[in-house]
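Shown next, in structure tokens, is the structure this report addresses.
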Amino acid sequence: VFLTGLLIPILFIQSSSVFNIVQFYWIVLTLSLPFFVMQLHSITARHNKKLLTTIWFFIILSSLPSLLLLYKDYSTQPTIIDKNTITLTKSITSHVPQDQSLVVLSKEDTIKTPLLSALTGRSIYLEDEGIDFPSTQNVIYDRQQIIDRILTMAEHCNQSTKEKDTQQLKKLILLTNSDYFVTPSTFSCLQNNTSFKILSTNNGQQLIQVLR
């Protein structure tokens, strides 16, 4: 069951996000319950009720630690999604097509990209949490390098009005194969620019489309 719950999201959910992979376990566990009950019934049907009672006792006993841990986490540390994330989520779902990916530019990790990906249903070019597979290390490194270059170029562009810098920034962004990105609104060179279209601005973040 757990192997199936791991393989299906890895093979069919194209993301290294821990959130997107682990959440599939609950679906697999739910789907496996009928088969588990049928197998348990076939075993206990050949034995007495005392065996059935013993089996259920150990099942309940073994599940108590995880249940108590969940109860503690959700009762003392509830997950609260801040208003900024909700506003950004609504903006992305309104403007970005379902089949398009998204680039998030943020130096201070103010945006939780795995949560944003889960809420919007859009893939994120580089998520700040992921499973570090040996085969993906180079991909993650290359994507981080591109994002760092974009951030550096955008900051430099703030101090320059040359069209050449803007075109270089556009080419760099298009290397991500995405036409949409989220960036701090402090990057003034992206405003009133024929290469970019600001779709929304909220709480210091702006959603921008690259005009091809």
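Any read-out appearing in this document is the output of simple, stated calculations on the displayed coordinates, not a laboratory observation. Since the structure is predicted, the reported quantities are computational estimates derived from the model, not experimental observations. Don't worry about glycine lacking a Cβ; one is built from the backbone with ideal geometry, like all the others, and counts go over all protein chains shown.
Just a few scattered comments:
- Measuring against 30 Å, Cα to Cα, the residue pairs LYS83/LYS171; LYS90/LYS170; LYS90/LYS164 contain LYS83/LYS171; LYS90/LYS164 as the ones spanning a longer distance.
- Extreme residue, positive dipole direction of region 150-212, given options HIS156, LEU211, ILE198 (C-beta unit charges): LEU211
- Cβ-Cβ distance of LYS90 and ILE27, R₀ of 25 Å, FRET efficiency by 1/(1 + (r/R0)^6): the value works out to about 0.45.
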